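Single-structure report; data block below.
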Amino acid sequence: MTRIIAGIAGGTRLDVPARGTRPTSERVRESMFGALETADALRGARVLDLYAGSGALGLEALSRGAAGVDLVEKAGPAATVAARNAERVSRVVGAPARVHRTEVRAFLRAATGPFDLVFSDPPYDLADAPLGTDLRALTGLLAGDALVVVERARRSAEPEWADAGLEPVRDRVYGDTVVWWAQPRAWSQSE
């Protein structure tokens, strides 16, 4: 069973699509969100969850104090599950959770920012080039001090941060999963 780990909606059950997604494990989410809370990256944040699947990452952020979340998922069954989860968590938290059933690139072309926190958890078999395209498309949508969190298979190459105007700030390996954090280059250089 997948659930919201902590915050206002802590313990709320989340449905998971029957197939076609790879939910982030509770252990990885717990570690990731502990670090995000320590960095004060959640309170009042406008969150974007790309390749959302069930929406667990974005909805965990909402439960822990984000102002709102946009969940982007192109697969119909997963988007339906994400919408059900978003409604459930949003009702408890009292903050908006919007589900967009569309491709990531199409959403990014039409979106307006700024986003303070972006999760990108694409399928492990997504090639490096499309991920790089996604990251470049984020450039104009990020707040100056935004965090971009990318989850990939451990065997994957590190994203091409510089091409997207981003600077890596942290990485962590959890078994077969690696999580990278990055910030807009101007922000990380001013610290």
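The values are calculated or read from the model by the stated rules, or taken from the named source; none is laboratory data. The structure presented is a predicted model; accordingly, all values stated were derived computationally and were not measured. All Cβ positions, even for glycine, are placed from backbone atoms using ideal geometry, and neighbour counts span all protein chains on display.
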- prompt: Asp116 versus (1) more than 18 Å from Glu73 (Cβ to Cβ); (2) crowded, with 23+ Cβ neighbours inside 10 Å: which is the lone unmet condition?
  reply: (2)
message: For the stretch 110-135: of the residues being under 14 Å from Asp70 (Cβ atoms) and outside any loop (DSSP other than H, G, I, E, B), which is farthest from the chain's Cα centre (by Cα)?
response: Ala110
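Could you say whether any residue in the stretch 99-107 is touching a residue at least 24 places away in the same chain (Cβ under 8 Å), over 16 Å from Ser54 (Cα atoms) and either among the aliphatic types (A, V, I, L, M) or in a loop (DSSP other than H, G, I, E, B) (or both)?
no
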message: Regarding the stretch 165-186, can at least one residue be identified that is on the phi < 0 side of the Ramachandran plot, among the hydroxyl-bearing types (Ser, Thr, Tyr), surrounded by fewer than 20 Cβ atoms within 10 Å (Cβ to Cβ) and not in a strand (DSSP E or B)?
response: no
field: Condition broken by Val28, with the remaining ones in (1) at pLDDT below 95; (2) more than 28 Å from Asp171 (Cβ to Cβ) satisfied
entry: (2)
- prompt: Is one or more of the residues making up the stretch 136-149 buried (at least 20 other Cβ atoms within 10 Å of the Cβ) and in a helix (DSSP H, G or I)?
  reply: yes
task: Would you check which residues across the stretch 84-98 are free of Cβ contacts under 8 Å to residues at least 40 places away in the same chain and among the aliphatic types (A, V, I, L, M) and list them?
output: Ala86, Ala95
task: Report, by residue number, each residue of the stretch 3-51 that is surrounded by fewer than 14 Cβ atoms within 10 Å (Cβ to Cβ), farther than 17 Å from Asn85 by Cα and of a type in the set (Lys, Arg).
output: Arg27, Arg43
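Rundown of residues vs (1) of a type in the set (Asp, Glu); (2) at pLDDT 95 or above, yes/no style:
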position	(1), (2)
Asp121	yes, no
Asp125	yes, no
Gly132	no, no
Leu166	no, yes
Tyr174	no, no
Glu191	yes, no
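Within the bounds of the stretch 37-51, is there any residue that is part of a helix (DSSP H, G or I) and touching a Leu at 6+ places or on another chain (Cβ under 6 Å)?
For the stretch 37-51, residues part of a helix (DSSP H, G or I) and touching a Leu at 6+ places or on another chain (Cβ under 6 Å): absent.
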- prompt: Would you call Pro159 more than 19 Å from Val47 (Cα to Cα), outside any helix (DSSP H, G or I) and touching a residue at least 60 places away in the same chain (Cβ under 8 Å)?
  reply: no
query: Based on what the data block shows, is Asp40 among the charged types (D, E, K, R), closer than 23 Å to Leu142 by Cβ and modelled with pLDDT of 90 or more?
result: yes
- line: Of those in the stretch 52-83 that are in contact (Cβ under 8 Å) with a residue 60 or more places away in the chain and assigned to a helix (DSSP H, G or I), the residue surrounded by the fewest Cβ atoms within 10 Å (Cβ to Cβ) is Pro77
